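First up is the structure itself, then whatever we jot down about it.
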Amino acid sequence: MAPPAQSQRSPSPSQPSGKSEVSDLKLQLRQLAGSRAPGVDDSKRELFKKVISYMTIGIDVSSLFGEMVMCSATSDIVLKKMCYLYVGNYAKVNPDLALLTINFLQRDCRDEDPMIRGLALRSLCSLRVANLVEYLVGPLGSGLKDSNSYVRMVAVMGVLKLYHISASTCIDADFPSILKHLMLHDSDTQVVANCLSALQEIWSAEASTSEEASREREALISKPFIYYLLNRIKEFCEWAQCLVLELVTKYVPSDSSEIFDIMNLLEDRLQHANGAVVLATIRVFLQLTLSMTDVHQQVYERIKAPLLTLVSSGSPEQSYAVLSHLHLLVMRAPYVFSSDYKHFYCQYNEPSYVKRLKLEMLTAVANESNTYEIVTELCEYAANVDIPIARESIRAVGKIALQQYDVNAIVDRLLQFLEMEKDYVTAEALVLVKDLLRKYPQWSHDCIAVVGNISSKNVQEPKAKAALIWMLGEYSQDMQDAPYVLESLVENWDEEHSAEVRLHLLTAMMKCFFKRPPETQSALGAALAAGIADFHQDVHDRALFYYRILRYNVSVAERVVNPPKQAVSVFADTQSSEIKDRIFDEFNSLSVLYQKPSYMFTDKEHRGPLEFADELGNLSIGEAANNVVPTQMVEENDKDLLLTTSEKEETKGSRNNGSAYSVPYDGSSTSVFASQTQIESAVSNPTLAGHSPQASFAIDDLLGLGIPAAPAVLSPPQLKLNTKAALDPSTFQQKWRQLPVALSQEISVSPQGVAALTAPQALLRHMQSHSIHCIASGGQSPNFKFFFFAQKFEESSNYLVECVINTSSAKAQVKIKADDQNTSQDFSTLFESALSKFGTS
Amino acid sequence: MLQCIFLLSDSGEVMLEKQLTGHRVDRSICDWFWDHVISQGDSFKSQPVIASPTHYLFQVVREGITFLACTQVEMTPLMGIEFLCRVSDVLSDYLGGLNEDVIKDNFVIVYELLDEMIDNGFPLTTEANILREMIAPPNIVSKVLSVVTGNSSNVSDTLPGATGSCIPWRAAEPKYANNEVYVDLVEEMDAVINRDGALVKCEVYGEVRVNSHLSGLPDLTLSFANPSILDDVRFHPCVRFRPWESHQVLSFVPPDGEFKLMSYRIKKLKSTPLYVKPQLTSDAGKCRVNVLVGIRNDPGKTIDSITLEFQLPPCILSADLNSNHGTVNILGNKICSWTIGRIPKDKTPSLSGTLLLETELERLHVFPTFRVGFRIMGVALSGLQIDKLDLKTAPSRLYKGFRALTRAGEFEVRS
């Protein structure tokens, strides 16, 4: 305690602001502390208010701790509350002083007013000072037995807080079993709900070390307990209902009649006023019926109306969250929502992130019957004041056109866009017309007539300019002045800042040359000369390549640069279906809002290689990836155009694009090399993927140099395993019980491995290729558990492994048991090396 | 599980901080958040859920106050958002509105409320009725009382009965000399009308609001004359599901005071009460505007508070707009607002004038969307009608009252 003199000293300039006020308060508090005069509570209250408001502004008032505690001997509940608040805030930094408060808090825990008992207990547990836990056990124990449900409710949460401060104290006091008893027998549903949430947390945390806890955790999703909760669900408060519903999603019913019983019981929850309850119920319905295709469809029909109501009735924030979920469902089953397309019409003053979701949904639900109306509506947005949305809606029109419904009307609309004389509309429309022509070459006459009228001077955006140039090159025979337009573009070569445009210009000149040589020849020469002199590596390389191949043989050049094309049938999807499934499994979670499964964003460690993980996720989907040979290459400029359709950076999935435009490998290798786009890349030598940056391995790969990877993989030791080992489960169990743990260690899993571990099966296949076989596996992200076994080559010596992988921490806990203890170390190295390769092969 | 709640003022100042779990969330997250908000600009509001480098943030903005919640674990987004919405509702209910001053003046009450509403990151009691019994609202009456009686505590001495009762939304048996129950139908009409006058979309979102002051445990039944027109409904927890499912009858034991009994949606309405005919013709750098507003379908009651608002396109240099009825204002942010009030008997209100375009522009390419506001007392435009309200074991003196009101929701006319 500071001497009083200090408070009278004037603050020096270096002292933080509020210092003099704080010392002033200190003095006043001290005067009041012992006073029993009438009205003293009111003056205390004013002072406390000041202290708390300083605390709220961020001024450090921890120096008043002693005085505050001294003043807290009062019967005024508001004073008490303010004091609890203060103590809770500063106890952690003042553990010694916190001891002072224990006394009065413990006394309050025995107060006759249940409200004070509860509040004191809550504050006591919120002190979170590790060396004070011994004082918590007593009050908590009596709190759990309190006659008032309010106190019990607080005490249950207190147990959880105690667990987080000191797990051992909590377990030693046997609180979990008291909570379990309360959970099953308490009359107050809020107490039950709090027990449930506390026990879920405690047992999940304990499960890795204690068999009993993991058994208890399993028991939470057992039939009798789930039914016990479901039958009382209406008595729970809305938030507790969410908790119960979340638990129910983990329950696996034994047969379909049980599924129907649960759904019937929960049907009215869909009409609950709280959106969180509605979404939790929907999740239960969707999860339960996953395996029953026709019922699953009916569920979609049933949940449609509640979801649409939630979107239109709640606050903007709520409707956004619901809309994100609706978006997910619409993308999964667009046909169910095709008659509700009007709900996805954008309102003028909705924020643009909502409009964007709606545009995607409108695109998805378009079918034969509603395309005309949807496109009409989308055209309205093209004149929107919000330019990004106007652009998106034009793109949406294009996407619908590519879905093949009523193309005739859409092409007319797109051509109208070109005549709107707004630069961004023209730009977007040009890109779309180009895509459209690649899919429906039969429309070329109508389109070319309009495109021919567009002056290249009015088109500034690189993507649009590239599209225009592509069309000029591709259809130069139909466009009267194509060579001259291109020529004027070549003349302005130096003013063209985008390398993409210059690349396209080179290719277009070549194509034009093959069709109309006399008119183009001089301009082509100028273009090649300018290209070779270009400072941009890709442009330079391509110009040189064209030049050389032309000198070698013009007809070969034509076959390489401008081969006959087939129409593109399907443009690549931007997000793999596996990822969509993962997001769907995480319905009613943040994943849906980010449109990424949680493993991609929840773990900080994966932030960096996020894109990477994405790509690997795609590659691991099927063996097919390994069979794609590098000769299946796309002519570079076509690929570029494909990329523009998706706009997004997600080029990873576009491996499929290759099929439509395949040209001989040797012809395009240089141009692919030049472009530095890394599409096919990863597939032929995937081991590299995990270790070298994308761009460089793409090139290594395409050149077929086969530069060996330098992966940091441990060299496998001399232990040989039997590739065809066999062990039946009962023998495994028996051995597992008998043998001691030979080795227990923690192995880190590479981020790629984590990304590939979307389901246990992926790892099983991988380990099997290393002669390590799985006997049982299970779990859900982030925790997977595996039992593996292996046999020594030509010996019947077994190795048994228990492996628990946590994908969010990227760690695997491994326990190894072996018949032959001497080789267990060798085996462990082998196992670790096999596991470390997971995801990279 | 929410870890922390912050209340921020409209200048980004932290007015209140409530830590909920052992993992303290540092205040610096608010600085990050505020920088993020500013970087988004004000034309696009930032998303309700944001991922910061360390936390996931939920934000709800009400009356300039940002309610910010932080979490580091996966949770159901609706729980975070709904909870923040409830907090803002309860606070504005308690403090009689929300603004910076009222929160700063009553921060102790706000702390007390948050303490009861959420524990260890998990929402508990969010029913205003019950909270009011635990923590007295800071109204003038209680201030006067405290002066008179000298009892300065603003907390009732007893615990709310409802924490132990099996009807969580209702406090134990209140007593009233006058038993009253009022039912309001409040509807909002959302519509989109194209430039050719075609109705693109028209639906009604409605709420049944009840204000009940009834003694004891009243058991009410409310029925509609035409429940079949309802497309989708959502209920307050007090509504029993079975009677609705079998007979479309609302059977419930109401909370005490005001509450929202149900909300509903009726889609595919065929007509709107008003028409709005905008005409824009542009020529040689000028655009002539003419907008007519009139009654299309007489609802039988007066339509009042008619307003029309639109954003002038950014390419407009100046606007000269006048009306033959009501007042026209062009606000600073290029929003033109026309207050009409009621439609006069003798003429059709019209707005006309010219817009001067930017120098290079010949014609206008971006057409404004007109947002229309109106209010009709005494009519529910969807046609929903209350048939009757019955009270099992009616008390001797019971007053029942019914009202209806329709107003424009998102009512848009394109040009």
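The values are calculated or read from the model by the stated rules, or taken from the named source; none is laboratory data. It should be emphasised that the depicted structure is a prediction, and the values quoted were computed from it without experimental measurement. Glycine gets a Cβ as well: all are built from the backbone with ideal geometry, and neighbour counts include every protein chain shown. Accessible surface areas use protein heavy atoms only, side chains included; no ligands, DNA or RNA. Shrake-Rupley method; radii C 1.70, N 1.55, O 1.52, S 1.80 Å.
Quick notes on this one:
- With the simple model of a label 7 Å out from the Cα in the direction of the Cβ, B:H247 to A:D478 spans 7.0 nm.
- Legend: P(r) of the range A:29-130 from all alpha carbon pair distances, 10 Å bins from 0, whole percents, reading 15, 51, 32, 2.
- Relative frequency of Cα-Cα separations exceeding 16 Å in the range A:228-291, percent: 36 percent
- Protection proxy ranking of A:220-230, A:80-90, by the mean of other Cβ atoms within 10 Å over each peptide's residues and highest first, is A:80-90, A:220-230.
- Shape category assigned to chain B from the gyration tensor of Cα positions, a/c cut at 1.5: oblate
- Prolate/oblate/rounded label for the range A:385-462 (Cα gyration tensor, a/c 1.5): oblate
- Placing A:D96, A:D412, A:D76 in order of accessible area, with the largest value first and a 1.4 Å probe, yields A:D96, A:D412, A:D76.
- Carbon + sulfur, % of accessible area of the range A:729-836 - ligands and nucleic acids excluded, 1.4 Å: 46 percent
- Virtual spin-label span in nm between A:S291 and B:L391, 7 Å along Cα→Cβ: 5.4 nm
- Cα-based radius of gyration of the range A:741-803 once divided by 2.2 N^0.38 Å, which approximates compact folds: 1.17
- For the pair B:D89 and A:N453, a Förster radius of 60 Å applied to the C-beta separation gives a FRET efficiency near 0.55, rounded to the nearest 0.05.
- Residue pairs, from the table B:K18/B:K260; B:K201/B:K400; A:K26/A:K81; A:K180/A:K250; A:K724/A:K837; A:K465/A:K515, whose Cα atoms sit over 26 Å apart: B:K18/B:K260; B:K201/B:K400
- Area hidden from solvent between A and B (accessible, protein heavy atoms only, 1.4 Å, total, Å²): 8200 Å²
- Extent along principal axes [Cα atoms of the range A:737-841; Å; largest to smallest]: 35, 24, 21
- Shielding of B:79-90 by partner chains, average beta-carbon count, 10 Å: 5
- The coefficient of translational diffusion for the range B:4-149, derived via Stokes-Einstein from the alpha carbon Kirkwood radius under 37 °C and 0.692 mPa s, stands at 205 µm²/s.
- Between A:N264 and A:S748, the C-beta separation translates, for a Förster distance of 41 Å, into a calculated FRET efficiency of about 0.30.
- Alpha-carbon centroids, the range A:112-131 and the range A:761-776: separation in whole Å: 52 Å
- For B:12-25, mean number of other protein chain Cβ atoms within 10 Å: 3
- Accessible heavy-atom area order of B:S323, A:S339, B:S305, highest first, probe of 1.4 Å: A:S339, B:S305, B:S323
- Global form of the range A:145-252, assessed from the alpha-carbon gyration tensor, a/c cut-off 1.5: oblate
- From the alpha carbon centroid of the range B:218-256 to that of the range A:489-531 is 73 Å.
- Model label points for A:N408 and A:S796, set 7 angstrom from Cα along the Cα-to-Cβ axis, are 7.8 nm apart.
- Residue-averaged beta-carbon neighbours from other chains (10 angstrom radius) around A:552-559: 0
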